[in-house]
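I have placed the structure first, in the form of structure tokens, so that the comments after it can refer back to it.
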Amino acid sequence: MIEKYIAGSDVGGTWIRVALSPLTLEKDSIQIKQVKTKKENKYSISSQICQILSELIDESNIKRHQLLGFGLASAGPLDLKKGTSFNSPNLGFKEVPLKEPIEKEFPDIPFYLINDCNAAVLGIHYFEATEEEKDNLVYITMSTGIGGGVICNGYLVLGKDGNAAEIGHSKVAPKSNYKCGCGAYGCWESISSGTAVRKRTLDALKNSESNAEILLELINNDKSKIGAKEVFEAARKGDILSREIIDECVFYNKVGVGLINDHFDCKAIYFGGAMMNDQDLLFVPLQKQFQTESIEFTINKPPELKITQYRSEIGIMGALALVKYKVENNSVVSTYNF
Ligand SMILES: [Zn+2]
């Protein structure tokens, strides 16, 4: 019998990953290639994806007709009907066509576009979640931005355009002075994301009494070196300003998680994204809050909080899971009709 394959890709502002796997989706049989995202023109991303996918197919000695589908996870927002990413500051262009150029190159292979966090929650669903967690599951990425994917009552939540759940833009402090990249004030992402930690620290340093000696020493007084990582490191060493910035970040993470649990009554929330490298300061206090005094932030029973073991690869794993579930008509993706 001829073996059936599936393929997937995860497109971000920095990296493009492409994967090829037998339909069985055993961890050891998944091949992944990763390259830096090119932003020369709006077709650079799709042509990179096509090139790597062709390479993977050739190297595996399989024929294109063995491929049952291709899933593409991309930073949003997305127009799933048109097959484009639009208004994404990270991909470099106002609109990036994805579906049309890839279908042109691989005309007979079903193509599925999905928001990267929605893909990630499918990846958790397939590869990591326990049986009890699967039907009410949330994924949250904390990185340059904050995003989420939700499975509720056993179905992937997509919304009218496929752009649910933009949890990073939940207005957790609408009267605050923190402006979000989206233009609004007080979005969760404008306070707690990696970008926000950096920006808020730089703003606070304009105040001469900022109590940031340890941080300034750490970066040799070169403020251009400040990123979230440096702020976390300084906080660990006892820097007062860094500690305040991180405390506020953690507080609003509790608010965000509480809102999600109030809305979706979830069994588990898995976290991913680069900020989880500083889980001692970011994740541990959050977990403790929901294990001990959850009522301060949510009326529902608290969810289990976990960190994905797939880290930066959970998006690509989810793109593959989407295709497998579509091919096998799994009900969790019966909401995906774009
Ligand atoms: Zn926003």
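Numbers for the structure displayed
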{"quantity": "Within region 295-338, backbone nitrogen closer than 16 Å to the virtual label 7 Å beyond the Cα of W15 toward Cβ", "calculated": "308-320"}
{"quantity": "Sparse-neighbourhood loop sites, GluC sites (Glu not before Pro) in region 291-338 - DSSP loop, at most 14 other Cβ within 10 angstrom", "calculated": "E293, E328"}
{"quantity": "At least 15 Å along the helix axis (C-alpha) and Kyte average at least -1.0, DSSP helices within the chain", "calculated": "44-59, 116-127, 194-205, 240-264, 314-327"}
{"quantity": "DSSP-defined antiparallel bridges as percent of all bridges, the chain, nearest 5", "calculated": "60 percent"}
{"quantity": "Under 23 Å from K267, Cα to Cα: lysines that are on another chain or at least 8 residues apart", "calculated": "K134, K254, K288, K301, K306"}
{"quantity": "Selection of trypsin sites (Lys or Arg not before Pro), region 189-257, meeting DSSP coil and at most 14 other Cβ within 10 Å", "calculated": "K206, K237"}
{"quantity": "Label-point separation in nm, D265 to E95, each point 7 Å along Cα→Cβ", "calculated": "4.1 nm"}
{"quantity": "Cα principal axis extents for the chain, largest first, Å", "calculated": "69, 46, 35"}
{"quantity": "Extreme residue, positive dipole direction of the chain, given options S224, F290, A173 (C-beta unit charges)", "calculated": "S224"}
{"quantity": "Sorted by Cβ density within 10 Å, fewest first, the residues M1, M276, M317", "calculated": "M1, M276, M317"}
{"quantity": "Kirkwood Rh, angstrom, region 132-307 [1 / mean 1/r, Cα pairs]", "calculated": "16.7 Å"}
{"quantity": "Cα-projected label distance for A274 with E328, points at 7 Å along beta-carbon direction, nm", "calculated": "3.4 nm"}
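No value in this document is a laboratory result; all are computed from the given coordinates. As the structure is a prediction and not an experimental result, all values here were calculated from the model. Ideal geometry is used to build each Cβ from the backbone, glycine not excepted, and the neighbour counts take in all protein chains shown.
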